[in-house]
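Input: a single structure, listed below in structure tokens.
Each value in this text was obtained by applying a stated rule to the coordinates, not by laboratory testing. If you're wondering where the values come from, they're calculated on a predicted model, not measured in any experiment. Ideal geometry is used to build each Cβ from the backbone, glycine not excepted, and the neighbour counts take in all protein chains shown.
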Amino acid sequence: MVIIDSLIASNYTNCKIMSSSYGVAMQFIFGVRDDIRNSLHFWNESKIVYVAGHNIIDYNIEERTQRFYPPMEGSTVISAITMSAKRNLVAFAESQRTRGAIISIYDKNQRKRRCLISTNSNANNISAMAFSTDKDERYLLILYGPPATSLLYWCWNSPNHKGTLSLKHPVESSKCSFNPLDGNLCVLTGKKTFLLIQIEPTNDNVRESFSLKVLSDKVNAEAEHSHNYTSHCWTADGVLVVSTDQGEILALNSAGGLIGMVNIHKRIDSLEPMYSALIPVSYTHLRAHETSLHLVCRLLLEKKKKKKK
């Protein structure tokens, strides 16, 4: 649902000026896309960015106002969105019939498009993306699909990608991310998929290039659990938290080894065992946005400081 107001068209709305003096601009859009994974991100405590229809919306929770990032002309669908760890860059992927997949990167402070990536690939859709965790956040991990068949490592201010990993089998319902403590280590999870990937520079004197090597293709755990991984996130101290379709939450080290596991479905009536099972993690805030199909949760994770006696 869209509320339209007669305003001068701004740079942040997808509209056409009808005359030299007046135009039609979107004022407010209701709804959210539930077919895009991880489609809601927080700029800060009062602002969020998400996808609704064919629009990227910047919403101020306190003021209840919206601004819009314009989609590319000729794009058919927005397929993925991601935000950098420092929360100053947002990237969203679109599909075009003539140019394939296109990625736009916007700066939070300037509210201008910093970069436009045309992947020039036969794949017309991107299912997941992730910014690197290095100081400049200049690399982008790009997963084609669905179903996903290849993973690209791209310097987003460069015209060419720097490395490629061809997947052995197509991946469905996937997510990729970087280790916050090691920018050369990333993870890919999805339906029957867990890949721990090492990114290494290659000996190429002509141009910057990298190789993507799979370190592990499974969770190193003796305990039985579902292999349909629905999502994951990293804690500030490098612990990987992975969830499954059976309500299991796994805490893993950087090598994919199991630290602790808890089943939410079995322990929903008692929260105390959860905290004892996941000792390295302390959940301090929880925000949720619920649709008919998905529950998107934002967890602010921080290590508890021990009081000195």
query = If r is the Cβ-Cβ distance from Q198 to Q27 and R0 is 51 Å, what FRET efficiency results, to the nearest 0.05?
reply = 0.60
ask   = Taking R0 as 30 Å, what's the FRET efficiency between T98 and K191 from their Cβ-Cβ distance, rounded to 0.05?
value = 0.45
query = What ³J(HN,Hα) values, in whole Hz, does the Karplus curve 6.51 cos²θ - 1.76 cosθ + 1.60 give for segment 104-111 when θ = phi - 60°, with x put for Gly and Pro?
reply = 10, 10, 10, 9, 5, 6, 7, 6
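Multiplying the sequence separation of D136 and L258 by 0.36 nm and subtracting their Cα-Cα distance, what value in nm do you get?
Full extension from D136 to L258 adds 40.8 nm.
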note = Between S46 and H227, the FRET efficiency computed from the C-beta separation at R0 = 35 Å comes out, to the nearest 0.05, as 0.35
message = Can you list residues from other chains, or at least 5 along the same chain, whose modelled amide H is less than 5 Å from the amide H of S216?
response = L196
message = For segment 62-111 and segment 182-241, what is the centre-to-centre distance using only Cα atoms, to the nearest Å?
response = 25
query = What pairs in K86/K192; K86/K112; K192/K213 have C-alpha atoms more than 24 Å from each other?
reply = K86/K192
inquiry  = Test of understanding: express the Cα radius of gyration of segment 186-266 as a ratio to 2.2 N^0.38 Å, with N the residue count.
reply    = 1.27
note = Long-range amide H partners of L181, meaning residues 5 or more apart or on another chain whose placed amide H is closer than 5 Å, are none
task = Would you pull out the residues with amide H under 5 Å of A101's amide H, same chain only if 5 or more places away, H placed 1.01 Å from N?
result = Q96, T119, N120, S121
